[in-house]
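Here, each number is a calculation from the coordinates, and none is a lab measurement. Every value quoted in this text rests on a predicted model; they were computed, and no experiment measured them. A quick note on method: Cβ atoms are made from the backbone with ideal geometry, for glycine too, and the neighbour counts reach across all protein chains shown.
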Amino acid sequence: MKKLLLSLVLCGSLALVSTPASARGVIFYSTGEHLDIFQKLPADFEFEDGDHMNLGVMYNQFSLMWIPVWNYGETKWAYVNDAKDSYDDNVTEEELEMFRTEYAYDIPDKPRIGFWDSIGGKLVWAAVIAGAVIFGRNRKGDDDEEQPEARNEEPAAEEAEQV
């Protein structure tokens with residue numbers, strides 16, 4: 001009985017102190033530098049602070065709800081640590097050539113952005129927008145088709161006569 005009374009008091013107090021809800025939504029977006037690891041380098045490649053470095057690609061990106069929308073600015077090679085929280089964008093052509101010859105890495109002349117970041121996010125957003133448009137059209141069509149039916153009073157009158 002005490003638990004029931006306590007629960008009722010708690011629910012009542014929450015109802016009394018509640019605030020009206022706002023109809024505003026939250027949109028998460030991000031913009032700025034984005035780093036991707038292109039090629040893992042051997043363990044002896046380290047930054048001055050001792051972090052292991054990899055060959056990566058650095059570019060600027062705008063994303064909505066953690067899905068990439070647009071890449072802008074210059075795409076360039078960079079050394080990136082394993083955690084992708086620090087980088088050095090001073091990668092020279094001689095260093096790239098050394099990776100190609102000594103380590104036989106297949107490194108293109110120009111850095112490329114991965115499929116997800118370059119095209120994949122755009123495909124997801126196109127599907128979301130197309131789905132919203134199709135759903136909106138179908139919903140609008142359903143509203144137009146629904147018309148109130150005319151009441152037929154005759155069967156009710158016949159039932160009344162039979163009784």
Are any of the pairs Lys84/Lys122; Lys40/Lys76; Lys76/Lys122 more than 20 Å apart by Cα-Cα distance, and if so, which?
-> Lys84/Lys122; Lys76/Lys122
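Evaluate the relative contact order of segment 29-138 (contact order divided by residue number), counting alpha-carbon pairs under 8 angstrom at least 6 apart; express in whole percent.
Numbers: 164 pairs, mean separation 24.2, N = 110.
About 22 percent, as a whole number.
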Kirkwood hydrodynamic radius (C-alpha pairs) into Stokes-Einstein, segment 29-138, 25 °C and 0.890 mPa s, D in µm²/s = 156 µm²/s
With label points set 7 Å from each Cα along the Cα-to-Cβ direction at Ala104 and Glu46, the distance between them in nm comes to 2.8 nm
